[in-house]
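Notes follow the structure.
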Amino acid sequence: MGSSRLTIGVVAPAKGIDRETADKVSRFVSEFYSEDLEIVFHPQCFLQHGHFAGTDEARSLAFLEYANSPDIDVIWAARGGYGCMRLQESMFERLNDHARAKAYIGYSDVGALLARLYKMQIGRPIHGPVAVEIRRDGGEACIRRVLDYVSGRSLDGIESSIRTPHPRIAINLTIIEHLVGTPWMPDLSGHVLMVEDVGEYEYAIDRKMFTLCKNENLKKLAGIALGRCSDIPENEIAFGMTYEESVQDWCHREGIPYLGRADIGHDVNNKLVVWGKG
């Protein structure tokens, strides 16, 4: 990205964060990136409405405000959780030319929002760490990956395990499974699909791969690459296959190339993937 000072706008399209976390991120940016970046947290990030960071309307309007603002260069998700699929449909119809010029960064549940934007060819969706990662052990290095990319200091945080001339996307396996057959699902013909997940049984990962690989449009993928599936619960009866063996098996059954392991996952080593680039 460019060398001029950029403004990152943080919104919470799913779950919220507390002010202490936001202050910690702001101090980090001020200490290490003050010449390159400014960061602003939308007040909506601190709302709570049950599970969500405010009502569906509040989350939608906050995203729309920052996306359409000429003063915001990058939209960064505060965190994942569940909620992006509940954003108001009318919001997407109101996105303007400023929204089309921005980068949008996040992962986990935010993958649904990235998919919708990608389908509409709005902005530059990027799979990458979210602001709340600063609370993890090693979290500063995690968010530095994003800030280095945005500021133009370094591209070292970009996923480089999968080298391909094909356009690629990275997304949570559960999220893309739920997008299949909906209007939010982009056409991924000729793409490399990189997937990861967290907290799912091995048999559940196998079942999700059934949904993906049996879909006629996804059979047109250039290939599937597998990120890390972490925190896998122990089943009462051992499934008998690792999650990698499941992914390989379904790719083989349906004639989709299996491309190996990708450096993405629900952890501090999660790398950035710019959607659409080879």
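Report the Stokes-Einstein translational diffusion coefficient (µm² s⁻¹, integer) for segment 168-278, Rh taken as the Kirkwood radius over Cα pairs, at 4 °C with viscosity 1.567 mPa s.
Roughly 92 µm²/s, to the nearest whole number.
I want the antiparallel fraction of DSSP beta bridges within segment 42-177, as a percent rounded to 5.
Once the DSSP bridges in segment 42-177 are tallied, antiparallel ones form about 10 percent.
Taking θ = phi - 60°, what integer Hz values does the Karplus form 6.51 cos²θ - 1.76 cosθ + 1.60 yield along segment 171-179, in sequence order, with x for Gly and Pro?
Couplings: 7, 5, 4, 4, 5, 5, 4, 6, 7 Hz.
Which of the trypsin sites (Lys or Arg not before Pro) across segment 131-229 are loop residues per DSSP, with 10 or fewer other Cβ within 10 Å?
Within segment 131-229, the qualifying trypsin sites (Lys or Arg not before Pro) (loop, at most 10 other Cβ atoms within 10 Å) are R163.
What angle do you read, to the nearest 10 degrees and between 0 and 90, between the alpha-carbon axis of helix 19-33 and the longest principal axis of the chain?
Approximately 80 degrees, to the nearest 10.
Quick query: amide H of T7 versus all other amide H atoms, modeled in the peptide plane; which residues come in under 5 Å with a sequence gap of 5 or more or a different chain?
For T7, the qualifying residues are E38, D73, V74.
Using only Cα atoms and rounding to the nearest 10 degrees, what angle (0 to 90) does helix 56-68 make with the longest principal axis of the chain?
Helix 56-68 and the main axis of the chain meet at about 70 degrees.
Along the charge dipole of segment 145-197, pointing to its positive end and built from +1/-1 on Cβ of Lys, Arg, Asp and Glu, which listed residue (L179, S154, V195) has its Cα farthest out?
So the residue furthest toward the plus end is S154.
Compute, for the chain, the length of the dipole vector about the Cα centre, with Cβ point charges of +1 (Lys, Arg) and -1 (Asp, Glu) only. Units Debye, rounded to 20.
700
Looking at the chain only, what percent of DSSP beta bridges run antiparallel? Nearest 5 please.
10
How big is the chain on each of its three principal axes, counting only the C-alpha atoms and giving the largest first in Å?
Principal axes ranked by extent give 50, 41, 39 Å for the Cα atoms.
Given the -39500 (n - 2.57) contribution per DSSP H run of 4+ residues, what per-residue ellipticity at 222 nm results for the chain, rounded to the nearest 500 deg cm²/dmol?
Per the formula, -10000 deg cm²/dmol.
Can you give me the Kirkwood hydrodynamic radius for segment 105-144, using every pair of distinct Cα atoms, in Å to one decimal?
10.8 Å is the Kirkwood radius here.
Where the centroid of each part is defined by its Cα atoms, how far is segment 157-185 from segment 24-70 in Å?
What the calculation gives is 25 Å, centre to centre.
Could you work out the relative contact order of segment 1-118? I mean the mean sequence separation of Cα pairs under 8 Å and 6+ apart, divided by the number of residues, in percent.
33
When you count, for each residue, the other Cβ atoms within 10 Å and take the mean per peptide, how do 91-103, 117-129 rank with the highest first?
Order by mean packing, descending: 117-129, 91-103.
Can you give the relative contact order of the chain as a percent, counting alpha carbon pairs under 8 Å and 6+ residues apart?
18
Given the options M194, M85, M241, state which has the largest fluctuation in a GNM of the chain using a 10 Å cut-off (strictly under) for Cα springs.
M241
Could you work out how far helix 139-151 tilts from the main Cα principal axis of the chain, as a 0 to 90 degree angle to the nearest 10?
Computed tilt is about 70 degrees.
How large is the dipole of segment 47-202 about the Cα centre if only Lys and Arg carry +1 and Asp and Glu carry -1, each at its Cβ, rounded to the nearest 20 debye?
Charge dipole of segment 47-202: 340 debye, to the nearest 20.
What aspartates and glutamates could a cross-link reach from K220, if we take a straight Cα to Cα line under 15 Å and drop same-chain neighbours fewer than 8 places away?
Reachable aspartates and glutamates: D187, E254.
Laboratory data are not the source of any read-out in this text; all were calculated from the coordinates shown. The shown structure was predicted, so the numbers you read here are calculated from the model rather than taken from an experiment. Every residue, glycine as well, gets a Cβ built from its backbone with ideal geometry; the counts of neighbours run over all protein chains shown.
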